[in-house]
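Below is one structure; the comments refer to it alone.
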Amino acid sequence: MNLTTTLPGLSLKNPVMPASGCFGFGKEYSQFYDLSDLGAIIVKAATGQARYGNPTPRVAETTSGMLNAIGLQNPGVDAIIKEELPFLRSYDTPVIANVAGSTVEEYVQVTKALNHSQDIAAIELNISCPNVKEGGVQFGTDPELAKEVTYQVKQASNYPVYVKLSPNVSNIVTMAKAVTDAGADGLSMINTLTGMQINLKQRKPIIANKTGGLSGPAIKPIAIRMVYEVRQALDIPIIGMGGIITAEDALEFLLAGANAVAVGTANFQNPLACPEIIQELPRVLEQYGFQSVEEAIGKGHVNG
Amino acid sequence: MITKQLIEIKSHLRIAEDTFEVVLQSTLARELKPGQFVHVALKNHMLRRPVSVANVDAEAETFTIVFKIFGEGTKSLSRYQAGDHLDVILPCGSYYPVEELELDHALIVGGGIGVPPLYYLAKSLKEKGVKVTTVLGFQSKAHVFYEEKFQLLGDTYIATNDGTYGKKGFVTDIISELSPTIDYYFSCGPTPMLQAVTNQLAEQKGYISLEERMGCGVGTCYACVVPLKEDPTQSKKICKDGPVFYANEVILT
């Protein structure tokens, strides 16, 4: 079974990669399996300077999912380039860096810093983090801002740029078009949905930040719908994500039009989620009548 | 080496109000050190639950966890039975450095569900020849567990919030009365108790163990961080750098 899939800057041996923020910088999960098994790795977000993030509690379990409000805690792009990314050199899998910021200038600064790293193959532009006060989702919910930051980052980057879209918008196609017009090489979709959970005993939101990003199987139908809509409207490579637990879920994203898939929350439940999905994928593709990953992409669209 | 294992429940007992003791069979039991936890997956739950290790029987290749029902996850865990299997990640987190420390007398201070990891610690200290004095606090008589087990290891004192058993009040009241001469103290329990204990014993060397809502449990997601006293803009991860910390290392909030 041919599992390969090709996206700008990324020739993947299989379409499965861990999603940003759900895999750190790979070290911890390398204790559980050989990271070379992965199609690619999207590492945790980098900002211009180190960030502490939000107060705790930062996570809460929900029905078929979880809320998180980490708040982009990271040691800053320079430390990530120097201290985190080199570890992944020994693995035969491309690394996608996730770029975040509060201002267009910060996004550009992080992007330029990453130009000096030889350890990455692409960047994912995070304009959809719902858990920070400034920047983040602001850029991901206003088409004009999204266009501007994408354009500037694309101008600054030596690497292909995948823009990670927020689902917290009324029209995902408008957003996808805006960043595509600005030069995005691909899309990464979807980020989390803003949610809240209230503790009945304490009469207050469980998460200290009050709101958090909802992820996990609860959001999968929304992600599938959005990938489907964007695929119908645009011819741009898509890394699909949102609640993938099984190889069947991964196939569903391929049918909706994703060229590759990312696995997030499932890593927390099962550290072996990614390799298990990769192992199961050939059987599942065959079961549903496909000879390869490429063949399945977009096949869920009726009337072409 | 941290591993995901499917392991069998050998016994599952209610030992106090809403409190359960579960013995699990695992080839990795002997790897578990005092203070470490295991990360347990539960049917129909997205997130695993961290549960501290209360005892290890290296010969029988079993270990014990003790937990109290707090929410849906622990409620679900209370419904498992002997013979069922649990998907567990182990061993997780840091441990009390029993082997490295030089000490003659240890004070153990536990509150409620912070008591279980201290039993394995106290047992390990006793085996090393350390004198162990234990002070435990519970909500009320119905919640008291492991008193006899601790008594076998050394002098043991109990406080209950409502006075239905032992001394009415807090562990700190007992510590004031005892004012024992110790080399180290080791504490685990609710944050207000840890704050009180670390303040009271500020002049002593000690270790504390923390708990927090966790995501991954292995150090990737940054959900369970705690700020450092030395520089509050820096943090450590409770699941990976902890749950055991030097008493004056972190800010308790």
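The values are calculated or read from the model by the stated rules, or taken from the named source; none is laboratory data. A quick note: this is a predicted structure, and the numbers were derived from the prediction, not measured. Heads up, the Cβs are rebuilt from the backbone with ideal geometry, glycines too, and the neighbour counts pull from every protein chain shown. To get the accessible areas, we keep the full protein, side chains included, count just its heavy atoms, and leave off ligands, DNA and RNA. Shrake-Rupley method; radii C 1.70, N 1.55, O 1.52, S 1.80 Å.
DSSP beta bridges confined to the protein assembly as shown are antiparallel in about 55 percent of cases. Dipole magnitude for chain B: computed about the Cα centre from +1 point charges on Lys and Arg Cβ and -1 point charges on Asp and Glu Cβ, it is near 660 debye.
Within the shell defined by Cβ-Cβ distances under 11 Å, the residues around A:Gly183 carry a net charge of 0, with Lys and Arg each +1 and Asp and Glu each -1. Normalised size of the protein assembly as shown, defined as Cα radius of gyration per 2.2 N^0.38 Å with N residues, equals 1.03. A Förster radius of 30 Å, combined with the Cβ-Cβ distance separating A:Ala233 from A:Arg283, puts the computed FRET efficiency at roughly 0.40. Ordering of B:179-185, B:162-168 by packing is B:179-185, B:162-168, highest average first (other Cβ atoms within 10 Å, averaged per residue). Rounded to the nearest 0.05, the FRET efficiency derived from the C-beta distance between A:Asp92 and B:Glu17 at R0 = 51 Å is 0.40.
For segment B:20-53, backbone nitrogen atoms closer than 13 Å to the point 7 Å from B:Glu8 Cα along Cα-to-C-beta are found at B:24-27.
Charged neighbours of B:Val250, selected by a Cβ distance under 10 Å, balance to -1 (K, R count +1; D, E count -1). Computing FRET efficiency as 1/(1 + (r/R0)^6) for B:Asp84 and B:Glu148, where r is the C-beta to C-beta distance and R0 is 30 Å, gives about 0.60. Where does the charge balance sit around A:Gly9 when Lys and Arg score +1, Asp and Glu -1, over other residues with C-beta under 12 Å from its C-beta? Summing Lys and Arg as +1 and Asp and Glu as -1 gives -2. Pairs of lysine residues in segment A:48-203 that meet both criteria, 8 or more places apart or on different chains and Cα atoms under 21 Å apart, total 11.
Put simply, the C-alpha atoms of chain B give a gyration tensor, and the ellipsoid matching it has half-axes of 26, 21, 18 Å, longest first.
Computed packing ranks the peptides A:118-127, B:9-18 as A:118-127, B:9-18, most packed first, by mean other Cβ atoms within 10 Å. Label zone of B:Lys168 (point 7 Å out along Cα→Cβ, amide N under 16 Å): in segment B:135-152 this covers B:138-142. Helix content alone sets the calculated 222 nm mean residue ellipticity of the protein assembly as shown: runs of n ≥ 4 DSSP H residues at -39500 (n - 2.57) each, divided across all residues, give -6500 deg cm²/dmol. For segment B:3-92, the spherically averaged projection of the C-alpha convex hull amounts to 5.2 nm².
Quantify how strongly other chains surround peptide A:53-65 by giving the mean number of their Cβ atoms within 10 Å of each of its Cβ atoms. For this peptide, the per-residue mean of nearby foreign Cβ atoms is 5.
On a per residue basis, the convex hull of the C-alpha atoms belonging to segment B:170-228 measures out at 95 Å³.
Note on A:Lys210: aspartates and glutamates with a C-alpha under 15 Å away, same-chain residues under 8 apart excluded, are A:Glu61.
Each label point was placed 7 Å from the Cα along the Cα-to-Cβ direction; for B:Asn248 and A:Thr4 their separation is 6.1 nm. The label-point distance for A:Val302 and A:Lys210, in a model that sets each label 7 Å from Cα toward Cβ, rounds to 4.2 nm.
Quick check: from the Cα gyration tensor, does chain A come out rounded (a/c under 1.5), prolate or oblate?
rounded
Full extension of the segment from B:Glu61 to B:Gln195, taken as 0.36 nm per residue of separation minus the current Cα-Cα distance, would add 44.7 nm. Selection among A:Asn98, A:Gln31, A:Phe253 by position relative to the dipole of the protein assembly as shown gives A:Phe253 as farthest towards the positive end (Cβ unit charges, Cα centre). Shown for chain B: the carbon plus sulfur share of the solvent-accessible area, taken with all protein chains present and a 1.4 angstrom probe, equals 46%.
Going by the alpha-carbon gyration tensor, a ≥ b ≥ c the square roots of its eigenvalues, is segment A:59-103 rounded (a/c under 1.5) or, if a/c is not under 1.5, prolate (a/b greater than b/c) versus oblate? Since a/c reaches 1.5 but b/c is at least a/b, the shape of segment A:59-103 is classed as oblate. For segment B:4-100, chymotrypsin sites (Phe, Trp or Tyr not before Pro) meeting the loop criterion (DSSP other than H, G, I, E, B) and having at most 10 other Cβ atoms within 10 Å: none. Relative contact order of chain B: 18 percent, from C-alpha pairs under 8 Å at least 6 residues apart in sequence.
Taking every residue in B:41-51 and counting other chain Cβ atoms within 10 Å of its Cβ, the average works out to 4. Of the lysine pairs in segment B:1-140, how many meet both conditions: Cα atoms under 20 Å apart, and a spacing of 8 or more in sequence or different chains? Lysine pairs meeting the criterion: 12.
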